[in-house]
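Note sheet for the following structure.
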Amino acid sequence: MDNTLHEAEITTFPAIDDRMNRYIKSKLNLSEQLSNQLRQHFWKKYGATLVGLMVEYGIEGSEFLRATHRLEDFSEKIFRSKSLNTLLRRLNGQKIIASNGPIQYVNDVLRLLGVRELVSNFYGIESYKFEPKPSRRAFSFLVRKNRLSPTKCIFVDDNLANLKRAKSLGMRTVWVHSDFRRPKWVDFRVPSIKKLFSLVAIDGRLKNSV
Ligand SMILES: [Mg+2]
């Protein structure tokens, strides 16, 4: 969802990062600079800052999520997206949102974008018992819970590690990124979700080649 359905670097990440830094600073009694470094380190190492705090400092998950993902911080930055709405309506099949953010946050963002009713299901980090994408647990949860046949799935994400896992399960992959590279586990690359339109055939399926 983040940096895929909306531009989180602009809409939600600045406030969330700031709240996380402040939380880490007061909870672990660190300087501002060290708090910021630790947040980034955990995000890279575990796929989510929270997981690092849980594993290495025994921080309680739900308290951290409530304190850092606050609707009032971004409710005026995310707008209903007509083009996203049209795209989701046009795509065939189930549309499943698998975020590494908290479920309440996923719900809030989808609602602000005006697309919550258009997705079949949405999941957050609690769904995978705090083992976020690209973990095996997260992917097998998604497949099992939605009775998916991986070879019939199209996995859309901004993160290469997630796409690599999806590809290893047999899914087709779309990388939402402005990079010019295309690693071999990426079937399609689009600079923004809106460009996914060009990959959707008239029958609502994804084209085989572009
Ligand atoms: Mg993302």
Where the only charges are on Cβ atoms (+1 Lys, Arg; -1 Asp, Glu), what is the dipole of segment 113-210 about its Cα centre, to the nearest 20 debye? 360 debye
Go ahead and run the numbers for FRET between E126 and L28, Cβ-Cβ distance against an R0 of 30 Å, rounding to 0.05. 0.85
Å³ per residue of the Cα convex hull, for the chain? 119 Å³
Which residue, D18, D179, D158, tops the fluctuation ranking in a GNM of the chain built on C-alpha contacts under 10 Å? D179
List the lysines whose Cα lies under 19 Å from the Cα of K133, skipping any in the same chain that are fewer than 8 positions away. K44, K45, K95, K145, K164, K167
Checked against the positive end of the charge dipole of the chain (+1 on Cβ of Lys and Arg, -1 on Cβ of Asp and Glu, about the Cα centre), the farthest of Y46, G170, V106 is G170
State the extension gain, in nm to one decimal, for the chain segment bounded by S198 and K77, taking 0.36 nm per residue of separation less the distance between their alpha-carbons. 40.9 nm
Where the centroid of each part is defined by its Cα atoms, how far is segment 32-88 from segment 158-199 in Å? 23 Å
Heavy-atom accessible area of M20 with all protein chains present, probe 1.4 Å, nearest 10 Å²? 20 Å²
For the chain, set up a GNM with springs between Cα atoms under 10 Å and report which of T68, T12, T151 has the largest fluctuation. T151
Which aspartates and glutamates does K194 reach when only Cα atoms under 18 Å apart count, and residues fewer than 8 places away in its own chain are ignored? D2, E7, E9, D157, D158, D179, D203
For the chain, size of Cβ-based charge dipole, Lys and Arg +1, Asp and Glu -1, in debye: 1060 debye
Shape parameters for segment 60-178, alpha-carbon atoms, Rg then Dmax in Å: 14.6, 41
Please identify, among H177, H41, H69, the residue showing maximal mean-square fluctuation in a Gaussian network model of the chain using a 10 angstrom Cα cutoff. H41
Evaluated at q = 0.17, 0.19 Å⁻¹: base-10 log I(q)/I(0), Debye formula over Cα of segment 8-74: -0.54, -0.68
Name the chymotrypsin sites (Phe, Trp or Tyr not before Pro) in segment 36-91 that are in a loop by DSSP and that have at most 11 other C-beta atoms within 10 Å, would you? F79
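The values are calculated or read from the model by the stated rules, or taken from the named source; none is laboratory data. Quick caveat, the model's predicted, so the values are computed rather than measured. Every residue, glycine among them, receives a Cβ derived from its backbone with ideal geometry; neighbour counts consider all protein chains shown. With ligands, DNA and RNA removed, areas are computed over all heavy atoms of the protein, side chains included. Shrake-Rupley method; radii C 1.70, N 1.55, O 1.52, S 1.80 Å.
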